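Only one structure is covered here, and it is reproduced in the block below.
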């Protein structure tokens with residue numbers, strides 16, 4: 001009887017050790033693949049790169065947790081089916097919301113639309129008074145309010161009648177909570193000033209905080225390019241440089 005209990009106890013300890021090893025390995029893989037993906041997405045807006053890294057991290061953690069649960073002797077077939085059904089239902093139900101959220105990332109960098117612009121889209125003309133995660137709010141000429149889903153700015157033609165719209169460049173930035181915000185702002189503005197030969201000298205670069213949480217600070221680096229034809233090139237170059245700066249600052253913060 002004692003020998004049997006020892007065997008059972010040993011088996012439990014081995015299973016728990018295996019679960020711990022799987023979770024630790026999952027943590028390492030998440031960090032490794034996150035760094036690889038972030039490096040591969042250097043040329044895209046930093047905020048979009050962060051969202052992609054988060055999605056990959058969640059996917060890897062789900063696999064790791066399923067493997068860990070399997071080591072405990074539980075049946076995964078029903079659990080995996082439920083997770084798959086829930087995932088598909090969530091994506092289908094939230095496809096319009098997700099489309100608008102993703103489109104918000106591209107607005108400013110690839111679709112030159114900012115608060116204060118006067119534009120025409122989907123038959124509505126007026127001044128943009130707000131851009132949130134789901135829609136742009138437009139004050140129409142007759143004083144009424146129109147709500148335009150962000151996805152429409154990516155899918156449909158919009159006419160921005162603001163004089164400097166073609167020159168304006170806005171790059172979304174996501175700063176990790178461990179990084180000093182004043183230091184990050186100073187480094188980003190210093191980086192932007194290195195491109196001053198390509199910028200309109202009348203309007204200095206501005207960094208604006210859009211959202212703040214315990215883990216991230218979401219902001220925007222706004223510039224005015226001197227030559228609108230170089231806008232896309234500068235956007236790609238600056239996005240890559242910004243990723244490099246934030247990675248360096250994150251490394252310095254982690255080493256302290």
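The values are calculated or read from the model by the stated rules, or taken from the named source; none is laboratory data. It should be emphasised that the depicted structure is a prediction, and the values quoted were computed from it without experimental measurement. All Cβ positions, glycine included, derive from the backbone under ideal geometry; neighbour counts span all protein chains shown.
Of everything in the stretch 178-192 that's in contact (Cβ under 8 Å) with a residue 40 or more places away in the chain and assigned to a helix (DSSP H, G or I), which residue is surrounded by the fewest Cβ atoms within 10 Å (Cβ to Cβ)?
Start the filter on the stretch 178-192 by keeping residues that are in contact (Cβ under 8 Å) with a residue 40 or more places away in the chain, which leaves 178-180, 183-184, 187-188, 191-192.
If we keep only those that are assigned to a helix (DSSP H, G or I) as well, we get 183-184, 187-188, 191-192.
On the way: 183: 13, 184: 22, 187: 17, 188: 23, 191: 16, 192: 23.
Top of the filtered list is 183.
Cβ-Cβ distance below 8 Å, separation of 6 or more or different chains: which pairs start in the stretch 14-36 with a residue that is in contact (Cβ under 8 Å) with a residue 24 or more places away in the chain and end on one that is exposed (fewer than 14 other Cβ atoms within 10 Å of the Cβ) and assigned to a helix (DSSP H, G or I)?
26/63
Taking the stretch 142-160 as the region of interest, how many residues are closer than 15 Å to residue 117 by Cα and exposed (fewer than 11 other Cβ atoms within 10 Å of the Cβ)?
Selection size over the stretch 142-160: 1.
Which residues, taken from the stretch 209-244, are crowded, with 19+ Cβ neighbours inside 10 Å and out of contact with any strand residue (DSSP E or B) (no Cβ under 9 Å at 6 or more places or on another chain)?
243
Against the definition (within 27 Å of the chain's Cα centre (by Cα) and surrounded by fewer than 13 Cβ atoms within 10 Å (Cβ to Cβ)), how does residue 197 come out, yes or no? Break it down stepwise before answering.
Values: within 27 Å of the chain's Cα centre (by Cα): no; surrounded by fewer than 13 Cβ atoms within 10 Å (Cβ to Cβ): yes.
Considered against the rule, which asks whether it is within 27 Å of the chain's Cα centre (by Cα) and surrounded by fewer than 13 Cβ atoms within 10 Å (Cβ to Cβ), residue 197 comes out as no.
Only one residue in 131, 175, 137 is in contact with a strand residue (DSSP E or B) (Cβ under 7 Å, 6 or more places away or on another chain), in contact (Cβ under 8 Å) with a residue 60 or more places away in the chain and not assigned by TED's automatic domain parsing to the domain that holds residue 52. Which one?
Details: 131 fails: in contact (Cβ under 8 Å) with a residue 60 or more places away in the chain; 137 fails: in contact (Cβ under 8 Å) with a residue 60 or more places away in the chain.
After applying the criteria, what remains is 175.
Inspect the stretch 232-250 for any residue being within 28 Å of residue 132 (Cβ to Cβ) and at pLDDT below 85 and give the result as yes or no.
Checked the stretch 232-250: at least one residue is within 28 Å of residue 132 (Cβ to Cβ) and at pLDDT below 85.
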